[in-house]
Ligand SMILES: Nc1ncnc2c1ncn2[C@@H]1O[C@H](COP(=O)(O)OP(=O)(O)OP(=O)(O)O)[C@@H](O)[C@H]1O
Ligand SMILES: [Mg+2]
């Protein structure tokens, strides 16, 4: 049974038909990437999985369970965490408080303390700045915080929306290294990226989204060799 | 940033000039009145200190009520104009069903502390219940409506509860039984101060500190702050946003309920309309402190209480305005208008983005 499965999902904003029948699967332990141009519907797909948006038609299954009956905050308790687009950190809360909120769904104090150590190992910068108000962090640090905060939920499935956006090239490498590390430790990842080049390097498989429809789905290698992907998303002629 | 003369002229705005003249006018009036009063010197130092203490007592009540406005505004960006009725409903009910029967049974002055605690708990519980009900029935369905609509609904809810309780307990003034133990005055460092005033101030301060700790330290308090920043992202943390909103209303109303009892101890009467002015004043205090800010509400409440207590005697009288000390409300609401005109973000509110820059 796949970790995550979308079957013919249609989602709307008012009358705007943003997702026109998305079907995809993510197996346990995988990194799957979703690439596509601006406005293709990548964020909308993640919002539909996390329950912020309910599909008007079609189903989202998490380990075979239909998520339709659950509200967004309940889906977190099922083991799904998200790094939202544009980071979405709580700017007025401190770094430590943001991380507390990441662990909001948990009761196991000991496990939370362990995970706090672990995210501080992954992102030592955050440890130095734990009492700083998050809004005053640099863009890159905010991105680290958004990722660290999602990890504090100890998710089984991590949804990441453009974690490399707005980062300097050195930092981008760093972020993708972290993503691989998180995955090696056993977290399944659905990664939305515009940086198709990097995304296809870390992912096992990928899907290409165009104006609300999946036009291609293949292994990462397969996509890298695909002339259409090379032309449209990897900037090769 | 530097601008050429041409750019400056382009931005020249007559409204700004009028507003500046208006500001200068107000300052001149205040200074003029104050100087006149001081030269005339009709009051002793003792009088001023008495006014200040009255203002502080009143202000600490405004602060307690103002927190309800500010907390709800923080999470929903909504002015809950029914908050004054949350204040009234608790103390009115507790007076009718608890305080008066206890007094008639002769227990009120025999065991004042347990009795006062009991009425306070009942008042807080009733205020909370009314608040939670109002949120559930009147506000929640409008969560996604344009902001004007919940505002109008809140005004409707305010009238509804006023007339609901008028129908329930009558339109007359009901006496809140006097607490004999707190009837007199204490002399502290040569100053006489009413025992009730002291109790009101200390209780308010303890409640304010308690609330601050709740908002800053507890998991639910942090969740409240998270919800006030971004509801979608809060939900992605596993926070039940609706539940946090209900808790916010309940906490604000609990403070209003406690404030109601303190108010009744001070003025010894309750009626269905008693929430209106304190509600509006507390709203003014919340705006003064910077709506959405918890320390702002506390500061705004104290500042408003002292200002409206002292201002009439300090400068209205100097201007030769008759019956100046009955103009407290005029002073307070003039202040509201002035803040909204000149510093809508209040004392501690965040600076709004400079639109013209
Ligand atoms: N809140 C909204 N209201 C109306 N339309 C929306 C809303 N959010 C997104 N859309 C529309 O839905 C479509 C998909 O948007 P989405 O945000 O999913 O794109 P995306 O692939 O994430 O793009 P980007 O790479 O720019 O983040 C777009 O046409 C967008 O205009
Ligand atoms: Mg997007």
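Could you list, in sequence order, all residues of the range A:9-31 that are within 16 Å of ligand 1 (Cβ to nearest atom) and closer than 19 Å to residue A:215 by Cβ? Steps first, please.
So in the range A:9-31, the residues within 16 Å of ligand 1 (Cβ to nearest atom) come out as A:9-22, A:24.
If the condition is that a residue be within 16 Å of ligand 1 (Cβ to nearest atom) and closer than 19 Å to residue A:215 by Cβ, then A:9, A:10, A:11, A:17, A:18, A:19, A:20, A:21, A:22, A:24 are the ones that fit.
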Among (1) buried (at least 17 other Cβ atoms within 10 Å of the Cβ); (2) within 14 Å of chain B (Cβ to nearest Cβ); (3) away from ligand 2 (no atom under 16 Å from the Cβ), the one test that residue A:182 misses: (2)
So residue A:191, is it within 16 Å of ligand 2 (Cβ to nearest atom) and surrounded by fewer than 21 Cβ atoms within 10 Å (Cβ to Cβ): no
The lone exception for residue A:55 - which of (1) in contact with a helix residue (DSSP H, G or I) (Cβ under 6 Å, 6 or more places away or on another chain); (2) farther than 15 Å from residue B:239 by Cα; (3) within 16 Å of ligand 2 (Cβ to nearest atom) it fails: (3)
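Please determine, by comparing only the residues of the range A:157-172 that are away from ligand 2 (no atom under 16 Å from the Cβ) and either in contact (Cβ under 8 Å) with a residue 12 or more places away in the chain or at positive phi (or both), which one is farthest from the other protein chains (Cβ to nearest Cβ).
The first filter runs over the range A:157-172 and keeps only residues away from ligand 2 (no atom under 16 Å from the Cβ), leaving A:157-158, A:168-172.
Narrowing further to those that are either in contact (Cβ under 8 Å) with a residue 12 or more places away in the chain or at positive phi (or both): A:157-158, A:168, A:171-172.
Working: A:157: 13, A:158: 12, A:168: 25, A:171: 22, A:172: 23 Å.
This residue is A:168.
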Search result, residues across the range A:65-85 that are within 16 Å of ligand 1 (Cβ to nearest atom) and touching a residue at least 60 places away in the same chain (Cβ under 8 Å): A:82, A:83, A:84, A:85
Matching residues, the range A:1-13, being within 16 Å of ligand 2 (Cβ to nearest atom) and over 20 Å from the mean Cα position of the chain (by Cα): A:13
Of all residues making up the range A:86-114, the number that are without any contact (Cβ under 8 Å) to a residue 40 or more places away in the chain, farther than 23 Å from residue A:75 by Cβ and within 8 Å of chain B (Cβ to nearest Cβ): 0
Where a residue in the range A:42-53 is on the phi > 0 side of the Ramachandran plot and its partner, wherever it lies, is more than 7 Å from ligand 1 (Cβ to nearest atom), with Cβ under 7 Å and at least six apart: A:51/A:67; A:51/A:70; A:51/A:71; A:51/A:72; A:51/A:75
Odd one out for residue A:54, checked against (1) within 16 Å of ligand 1 (Cβ to nearest atom); (2) in the same structural domain as residue A:205 (by TED's automatic domain parsing); (3) under 16 Å from the mean Cα position of the chain (by Cα): (3)
Count of the range B:287-306 residues which are crowded, with 21+ Cβ neighbours inside 10 Å and part of a helix (DSSP H, G or I): 13
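What residue, among those in the range A:131-154 that are touching a strand residue (DSSP E or B) at 6+ places or on another chain (Cβ under 7 Å) and more than 25 Å from residue A:36 (Cα to Cα), is farthest from ligand 2 (Cβ to nearest atom)? Spell out how you get there, then give the answer.
To start, the set of residues in the range A:131-154 that are touching a strand residue (DSSP E or B) at 6+ places or on another chain (Cβ under 7 Å) comprises A:131-134, A:146-147, A:150, A:153.
Applying the additional criterion that residues be more than 25 Å from residue A:36 (Cα to Cα) yields A:131-134, A:153.
Details: A:131: 32, A:132: 28, A:133: 26, A:134: 21, A:153: 21 Å.
The selected residue is A:131.
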Pair list, Cβ under 6 Å, 6 or more apart: the range A:6-19 residue in the same structural domain as residue A:63 (by TED's automatic domain parsing) and within 16 Å of residue A:50 (Cβ to Cβ), other residue away from ligand 2 (no atom under 16 Å from the Cβ) and outside any strand (DSSP E or B): A:9/A:55; A:11/A:55
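Can you list the helices (runs of 4 or more DSSP H) lying wholly within the range B:12-111 that have 1 or more residues being touching a residue at least 12 places away in the same chain (Cβ under 8 Å), surrounded by fewer than 24 Cβ atoms within 10 Å (Cβ to Cβ) and out of contact with any strand residue (DSSP E or B) (no Cβ under 8 Å at 6 or more places or on another chain)? Let's see the steps before the verdict.
On the way: elements: B:14-40, B:45-76, B:83-94, B:100-104.
Because the criterion is at least 1 residues that are touching a residue at least 12 places away in the same chain (Cβ under 8 Å), surrounded by fewer than 24 Cβ atoms within 10 Å (Cβ to Cβ) and out of contact with any strand residue (DSSP E or B) (no Cβ under 8 Å at 6 or more places or on another chain), the helices (runs of 4 or more DSSP H) in the range B:12-111 that meet it are B:14-40, B:45-76, B:100-104.
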Selection from the range A:67-85 of residues that are more than 8 Å from chain B (Cβ to nearest Cβ) and either at pLDDT below 95 or in contact with a strand residue (DSSP E or B) (Cβ under 7 Å, 6 or more places away or on another chain) (or both): A:67, A:68, A:69, A:78, A:79, A:80, A:83, A:85
Residue ID - surrounded by the fewest Cβ atoms within 10 Å (Cβ to Cβ), chosen from residues in the range A:14-49 that are more than 13 Å from ligand 2 (Cβ to nearest atom) and within 14 Å of chain B (Cβ to nearest Cβ): A:14
Tally, over the range B:181-228, of residues that are more than 23 Å from the chain's Cα centre (by Cα), surrounded by fewer than 21 Cβ atoms within 10 Å (Cβ to Cβ) and closer than 30 Å to residue A:78 by Cβ: 4
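The values are calculated or read from the model by the stated rules, or taken from the named source; none is laboratory data. For clarity, every value in this text was computed on a predicted model and none was experimentally measured. As a convention, Cβ positions derive from the backbone with ideal geometry for all residues, glycine included, and neighbour counts pool all protein chains shown.
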